[in-house]
Amino acid sequence: MLDTKFDIFVCYDESTGADFASALHSVLTSRGGYKVFVAHIYRKLMEKDFREANIDPIIDNCKIFVFVNSYRSIESQEIHREIKRAFPNGDTTGHGFWAFRENDDLVKFYSDEINNQTKINFGTINQIPFSNSDELKRIALKLCDSNKGDEMKEVKTTKIPSIPLIKTRISFKISEFLNTNQILSEIKELMKKGQREQALEQYDLLLSADPKNLGLLNDKGICLSELGRFSEANDYFSLAITLNSKMSYLWRNKAITLTYQKLFDNALYCIQKEMALSPNNSELKDIKAWIYFEKGDFDKALNMYDEELRKKPNNSRVMSAKASVLEKRGDKETAKNLLMRAIEIDPKNENAWYNLAVLHTQENKIKDAIECYEKSLSIESKDPRTLNNLGVLYKRTGQIEKAITLYDIAITERSFDAKAYHNKGLALASLGKYDESIKQFDIALRKDQKYVNAYINKGISLYYLKKTDDALLSLNKGLEIKHDWIGYNTIGTIYLEQNNWNKAIEMFSLALIYSDYDSKPYSNLSLAYYNDQNYENALNVVEEGLNKHKDYLPLLIQKSAILTKLKKLEDAISICKYILKQDETIPTAYYNMSCASSLMNKKADALQYLEKAIVLDPVFKKMAKEDSDLNLIKDTSEFAQLTKETAKSSAEKKSK
């Protein structure tokens, strides 16, 4: 019976896209570690056809739906049906959605029929171009890696309700030189447009006429804070306080900006000063609890929220703040129930919707998370964190243009914040627009010169542009600030491609340490030793990796290849058979069994396994011709027939 639980479902036209689908299957299983359904592969192995009853449960259960747009795919009724099944009524949030388009003028982006049938506008869906199977493999692996990026960390972090800085009414001394009301109106318009630097110039003009105006000093401090210039903002709040320490709002604003600077003890001192001036202002307790939360003193924050809820049990805003603390302490179920209660009391509680979205993301309920973020954004349309987080999830579900739109809004709202520029760069990189992505990473680095991930991801984009020296420079700059396993892993990959095995081994070893022994650096480190013909060390790395990551497919495949090189041929075949028990569609397992069987002079077995490998992935035709392990079967007519090159590309099939 056919299993229905696959990580990835590949939707393609079998007459023109079978080789592309096979290429995706090969790379995503053997190197990505995914379980991938490609219909013609399972049809050949199981020697049976599939009906909708077989296919539909696989579509329903998959995590990622992949559409390969080759010649005539857009016209295929079966493709229309499969897309409709995956995304009912055009809702693309139920699965990850990757679309690839063969880079050929005769391959259409869309048709009215597919748009009407699926209720998805394929003219606006990002379809990543590829020219051949090898390029398609590289792009697919890159997409796998991009879904594990640092951008997802922020999406999984709850927050306390936003606490605004307090502006005050400004009154002026009469000036014979300045029209103060007109200048204030100009400042108001500039702030609306997000032109805060220009607004600062106008504040300076007013302060030149009235340098001890508390309102001006305060509001300029707020403007600086909105530009992320918190230290300068505090200078203005402090100056105002020296002029009049009885104005409680000045202490509050200083406390908030000190918290943004992570100067928590100073912030607590300031909020305590305001509480002494305004003992009946209950809002100040919220601010103090928020400071404790940001400081990581969750017990004190929780005690303060509990005290408030004892007085006002239905305070929805405090409930959503308390839920953030509970989530940090690991009590996610209680946090979720509290958020649902907060929303029931006040459906317009933006922070509760936001935090509920975070919890759904942590549970990988992406569709529910997107709905909650969208609800939060409908209440507070310009919250930068919500814009960024929803953008990340749109990107993850293939809605990259929508993600970029949200990042642009976030940039308008907080032009000083490097995060939105960085996330936009990642989105552009996922579209293959590496030059544009580098520009965004550079802006992020101008905003934050210690933004490690911007250096790392800039380096990765440069690597894909084959600007190796520049890539290494950017990667190493990031690593000088902070150890990052993806950075070390990328540098290792560059050295691997340069056949510099020793440097590759050094980098992958560091990637292993700083990834907390992730499976991917194990695989890469083993490959570096293998290419250096140090098979014993390669085997040691693989076995250590398998102890930590039991049955991780890429490591099992590598182990079979290493055992073949060590002439432990029966063990190699045994490993391959074990792999095929897990997933009988792994072409590399058949190929490695073919190599081992050939070395054992079992020609019939070698040819049989080679045939299965080539059926699953035609790339093994070329590999077999160049592999010395298969020398004993190369003079057979069967080998010649199996490795005979035939026209398989979509372009060549168009004319038939």
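Quick one: what do you get for the chain if you divide its Cα Rg by 2.2 N^0.38 Å?
Values: Rg = 29.7 Å, N = 656, 2.2 N^0.38 = 25.9 Å.
In units of the globular-protein estimate, the chain measures up at 1.15.
Assuming 0.36 nm per residue, please report the length gained on full extension of the stretch residue 500 to residue 635 beyond their Cα-Cα distance.
On the way: separation 135, 0.36 × 135 = 48.60 nm, distance 3.48 nm.
45.1 nm is the gain from fully extending residue 500 to residue 635.
Counting only heavy atoms of the protein chains, get the accessible area per residue of region 57-108 (1.4 Å probe) and round it to a whole Å² value. Don't skip to the end; give the middle numbers.
Details: 2060 Å² over 52 residues.
That works out to 40 Å² for each residue.
Using a 1.4 Å probe over the heavy atoms of the protein chains, calculate the carbon and sulfur portion of the accessible area of region 338-461 as a whole percent. Show your work: numbers first, answer last.
Numbers: 2200 of 4730 Å².
Looking at region 338-461 in its full context, I get 47 percent from C and S.
May I ask you to order 224-234, 274-284 by the average number of other C-beta atoms within 10 Å around their residues, highest value first?
On the way: 224-234: 19.5, 274-284: 13.9.
Answer by packing, highest mean first, reads 224-234, 274-284.
Determine the share of region 214-257's accessible area contributed by carbon and sulfur atoms, expressed in whole percent, with a 1.4 angstrom probe.
On the way: 710 of 1390 Å².
Carbon and sulfur atoms account for 51 percent of the accessible area of region 214-257.
May I ask you to compute the full-extension gain from residue 303 to residue 337, defined as 0.36 nm times their residue separation minus their alpha-carbon distance, rounded to one decimal in nm? Walk me through the numbers before you get to the answer.
Working: separation 34, 0.36 × 34 = 12.24 nm, distance 1.87 nm.
Taking residue 303 through residue 337 to full extension adds about 10.4 nm, to one decimal.
Which value in deg cm²/dmol, rounded to the nearest 500, describes the helix-derived mean residue ellipticity at 222 nm for the chain, given -39,500 (n - 2.57) per DSSP H run of n ≥ 4 and division by the residue count?
Working: 36 runs with 440 residues, N = 656.
Computed ellipticity for the chain at 222 nm equals -21000 deg cm²/dmol.
What's the angle, to the nearest 10 degrees (0 to 90), between helix 553-565's Cα axis and the longest principal axis of the chain?
40
Would you kindly find the accessible area of residue 269, with a 1.4 Å probe and non-protein molecules such as ligands, DNA and RNA excluded, rounding to the nearest 10 Å²?
About 130 Å², ignoring ligands and nucleic acids.
Short version: ³J(HN,Hα) in whole Hz for each residue of region 415-429, in order, from phi by Karplus 6.51 cos²θ - 1.76 cosθ + 1.60 (θ = phi - 60°), x for Gly and Pro, what are they?
5, 7, 7, 6, 4, 5, 4, 4, 5, 5, x, 5, 5, 5, 5
Run down the lysines and flag those whose C-alpha is under 16 Å from the C-alpha of residue 193, throwing out any fewer than 8 positions away in its chain.
382
So what J values fall out for region 7-15 if you push phi through Karplus, 6.51 cos²θ - 1.76 cosθ + 1.60 with θ = phi - 60°, rounded to Hz, Gly and Pro as x?
Once θ is set to phi - 60°, the couplings for region 7-15 become 6, 10, 10, 9, 9, 7, 8, 5, 6 Hz.
Near the amide H of residue 123, under 5 Å away, which other amide H atoms are found, from residues 5 or more places off or on another chain, if H is placed in the peptide plane?
Counting only residues 5 or more places away or on other chains, the set is empty.
I want to check the label-to-label distance for residue 310 and residue 442. Put each point 7 Å from Cα in the C-beta direction and report it in nm to one decimal.
Computed distance between label sites residue 310 and residue 442 equals 5.9 nm.
³J(HN,Hα) across region 236-247 via Karplus (A = 6.51, B = -1.76, C = 1.60, θ = phi - 60°), whole Hz, x for Gly/Pro?
Values per residue, Gly and Pro as x: 6, 5, 5, 4, 5, 5, 5, 7, 7, 7, 8, 7 Hz.
Could you give the length gained on full extension between residue 381 and residue 285, defined as 0.36 nm per residue of separation minus the Cα-Cα distance, in nm?
Numbers: separation 96, 0.36 × 96 = 34.56 nm, distance 2.69 nm.
Length difference between fully extended and current span is 31.9 nm.
Over region 442-579, average the accessible area per residue using a 1.4 Å probe and give it in Å², no decimals. Please report the intermediate quantities before stating the final value.
Working: 6700 Å² over 138 residues.
Counting only protein heavy atoms, the per-residue value for region 442-579 is 49 Å².
Can you give me the solvent accessible area of residue 344 with a 1.4 Å probe, rounded to the nearest 10 Å²?
Accessible area of residue 344: about 130 Å².
Can you tell me which lysines have their Cα less than 21 Å from the Cα of residue 621? Leave out same-chain residues fewer than eight positions away.
44, 137, 565, 602, 603, 612, 634, 644, 648, 653
Report, by chain and number, residues whose modeled amide H sits under 5 Å from the one on residue 67, excluding near sequence neighbours (fewer than 5 apart, same chain).
The list, which skips near neighbours in sequence, is 11, 98, 99, 100.
The values are calculated or read from the model by the stated rules, or taken from the named source; none is laboratory data. Keep in mind the model is a prediction, meaning the values are calculated, not measured. Cβ coordinates were reconstructed from backbone atoms using ideal geometry, including for glycine residues, and neighbour counts include every protein chain displayed. Calculation scope for accessible area: heavy atoms of the full protein, side chains included, ligands and nucleic acids excluded. Shrake-Rupley method; radii C 1.70, N 1.55, O 1.52, S 1.80 Å.
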